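Below is one structure; the comments refer to it alone.
Read the figures in this text as sums done on the coordinates, not as results from a lab. Just so it is clear, the structure is predicted and the values come from calculations on it, not from any experiment. Heads up, the Cβs are rebuilt from the backbone with ideal geometry, glycines too, and the neighbour counts pull from every protein chain shown.
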Amino acid sequence: MQIFPCPFCGHRNETEFHFAGELGKVRPDTTRKVSDKDWASYLYTQRNEKGTVREVWMHLPCAELFVLERDSVTMAVLGSRPLREGQQ
Amino acid sequence: MSRYSAGRIFREGLRAGRGWGQAWRTPNPKPAYDVVIIGGGGHGLATAYYLTKNHGIRNVAVIEKGWLGGGNTGRNTTAIRSNYFYPESAALYDKSVALYEGLSRDLNYNVMFSQRGMIVCAHSEPEMEMAARQCNAMQLNGVDAELLDADQVRKLEPALNFSPTMRYPIHGGVLQRRAGTGRHDAVAWGFARAADAGGVDIIQNCEVLDIRIEAGRATAVETSQGAIKAGVIGAAVAGHSSVLAGMAGYELPITSYVLQAFVSEPIKPVLNRVVLCPPFGTYASQSDKGGLVIGGGLDRIPSYGQRGNMPMQETVLSAFCEMFPSLAKVKLLRHWGGIVDVTPDSSPIIGPSGVDGLYLNCGWGTGGFKAIPVGGYLLAHLLAEGRHHALSRPFGLDRFTSGHLVDEAASSGIAH
């Protein structure tokens, strides 16, 4: 089992964590007209990077969202921080 | 190409097999080709073969960064089936099964397609109703399907767990008799040999580093063996589709995950068909060598690491032990992981990439092996004609903008 770091609870078993999505996806302003292309891109397009990735994860027991930085090839964890901390 | 036959085996046996030549050449890349196909897995090699066979285009190169069939073509559970729900999917995958049915003869290479059948079990009365719906949909789409009750399933697969105290007791199932398994390496090698015989250059150990774009059109691939100009480019790179998209500058709705599979030590015949138990998300078949071939769902995390993680291994194998309690003591021989390209609707992407001169065959997710012949058939059509075949039209990248998804994950509940 791999150990992931929750910024709030510390190191826990990977099965306690849930992958939520890539970091930095911003919902288009739906009070204005959004083109089909932009909306489809928001819904479906993934960067799906090979190498260092920054993602939003949830630690299920504390239900907090946080940013996990890891390597998508080696699975090495490079860091984690609360979602609200720092620039997205 | 010297033909393979029973008589040939006999003759070669008399001269200690010295007459067997290489199955395909190892050429150096030429500076330019009419068609360059990126990816020497099943889909890429099938594309090259159908370009020569159906379209008479022979100035073709297949570029592979590793060895032929070393990616997902060699890392799957070899199931071939067409038990889908929507007419678009049924037409696509049934064409593939039909092509597989004639493939050994077509390629003059035994791909060992064994139509032993596949059973998708139902584990409650509501699931039996959904099984009947699935069965009806398949029959309406012209695909063979039979609804079985528990006794009929027991007759066909007595090794399954029919205990009423099973976690998900078996109530019945859907049988597709034309489904089965094939030999994965033979599919890659058979297509490679037949494509090579048609004049295609198969270039291994040649990694694509960049795509050259001139005036909005993809005109060449920069590789570890130099630049190769291309009239048109076909991309069949499965789990690395997003990496290639990054080079050429188009976007894809694809997430790459690891999919694991397992094979046991060989045992005497015990499992006759491919058996899937959806609530467990686990399925199994028995190879001709006797090994139990076991597969399950995706690992939980997007990944490019070609190996599995422990939680999913635990999930799949504990489910297998519940499905077949008598096989719980069988030892695993090996297990492996492949990188699969999963789309939001679990259907493939076949069509223009958005960059002129570059066409896609990707997004097959966990079900690419069964679709190798049709994937190659349709990408060859796109590369040769520059427009969709009727079968590939519903699977273009534009469906994500227009909203015409072919949502097989939701409709047939098939774990791709």
Give the separation of the Cα centroids, segment A:24-73 to segment B:83-161, in Å.
37 Å
Which of the peptides B:17-26, B:243-252, B:230-239 is most tightly packed, and how do the rest follow, judged by the mean count of other Cβ atoms within 10 Å per residue?
B:230-239, B:243-252, B:17-26
In whole µm²/s, the translational diffusion coefficient that Stokes-Einstein assigns to the protein assembly as shown, given a Kirkwood hydrodynamic radius over C-alpha pairs, 10 °C and 1.306 mPa s, equals 66 µm²/s
How well do other chains shield peptide A:67-77, expressed as the mean number of their Cβ atoms within 10 Å of each residue Cβ?
3
Kindly write out, for segment B:133-147 in residue order, the coupling ³J(HN,Hα) from the Karplus curve 6.51 cos²θ - 1.76 cosθ + 1.60 (θ = phi - 60°), rounded to whole Hz, with x marking Gly and Pro.
5, 4, 4, 4, 4, 4, 5, 4, 7, x, 9, 5, 7, 10, 8
Ranked on Cβ counts within 10 Å of their own Cβ, fewest leading, B:F191, B:F395, A:F8 go A:F8, B:F395, B:F191
Give me the net charge for the shell around A:P28: Cβ to Cβ below 12 angstrom, other residues only, Lys and Arg +1, Asp and Glu -1.
+2
Relative to the first principal axis of the alpha-carbon coordinates of chain B, what is the inclination of helix B:184-197, with its axis defined by its Cα atoms, in degrees from 0 to 90 and to the nearest 10?
20 degrees
To make sure I understand, if each residue's beta carbon is the centre and we count other beta carbons within 10 Å, what order do B:M1, A:M1 fall in, fewest to most?
A:M1, B:M1
Label-point separation (nm) for B:K30 and B:N110, each offset 7 Å from Cα along Cα-to-Cβ?
3.5 nm
Rounded to the nearest 10, the angle in degrees between the Cα long axis of helix B:87-101 and the longest principal axis of the Cα atoms of chain B comes to 80 degrees
What angle, in degrees between 0 and 90 and rounded to the nearest 10, separates the Cα long axis of helix B:42-55 from the longest principal axis of the Cα atoms of chain B?
60 degrees
Whole-Hz ³J(HN,Hα) from phi, Karplus 6.51 cos²θ - 1.76 cosθ + 1.60, for segment B:74-82, glycine and proline x:
x, 10, 10, 10, 6, 6, 10, 7, 9
Within straight-line cross-link reach of B:K155, aspartates and glutamates at Cα separation under 16 Å, skipping those fewer than 8 residues along the same chain
B:E146
With a point put 7 Å past each Cα toward its Cβ, work out how far B:R18 is from A:W39 in nm, to one decimal.
7.3 nm
Using 7 Å Cα-to-Cβ label points, what is the A:F19/B:E314 separation (nm, one decimal)?
1.8 nm
For chain A, list the cysteines whose Cβ sits under 4.7 Å from no other cysteine Cβ?
A:C62
Where q = 0.24, 0.25 Å⁻¹, what log10 of I(q)/I(0) comes from the Debye formula for segment B:88-185, counting one point per Cα?
-1.18, -1.22
Summing +1 per Lys or Arg and -1 per Asp or Glu among the other residues with Cβ less than 12 Å from B:Y4's Cβ gives +4
Can you list which of the trypsin sites (Lys or Arg not before Pro) found in segment B:323-416 are DSSP loop residues with at most 15 other C-beta atoms within 10 Å?
B:K329, B:K331, B:R387
Roughly how crowded by other chains is peptide B:246-256, in terms of the mean Cβ count from those chains within 10 Å of each of its Cβ atoms?
4
B:I228: net charge of surrounding residues, Cβ under 14 Å, Lys/Arg +1, Asp/Glu -1, itself excluded?
-2
Subtracting the Cα-Cα distance from 0.36 nm times the residue separation, let me have the gained length for B:S163 to B:E222 in nm, one decimal.
15.3 nm
Roughly how crowded by other chains is peptide B:299-309, in terms of the mean Cβ count from those chains within 10 Å of each of its Cβ atoms?
5
Cross-link reach from A:K37 to lysines, straight Cα distance under 24 Å and at least 8 residues apart if same chain, gives A:K25
Could you tell me how far the Cα centroid of segment B:180-212 sits from the Cα centroid of segment B:1-34, in Å?
15 Å
Links exceeding 19 Å between C-alpha atoms in this model, out of B:K30/B:K229; B:K95/B:K289; B:K268/B:K329; A:K50/B:K370; A:K50/B:K30; B:K30/B:K65, come to B:K95/B:K289; A:K50/B:K370; A:K50/B:K30
Pairwise Cα inverse-distance average, inverted: Kirkwood Rh of chain A (Å)
14.3 Å
Ranked list, fewest to most other Cβ atoms within 10 Å of each Cβ, for A:R32, B:R178:
A:R32, B:R178
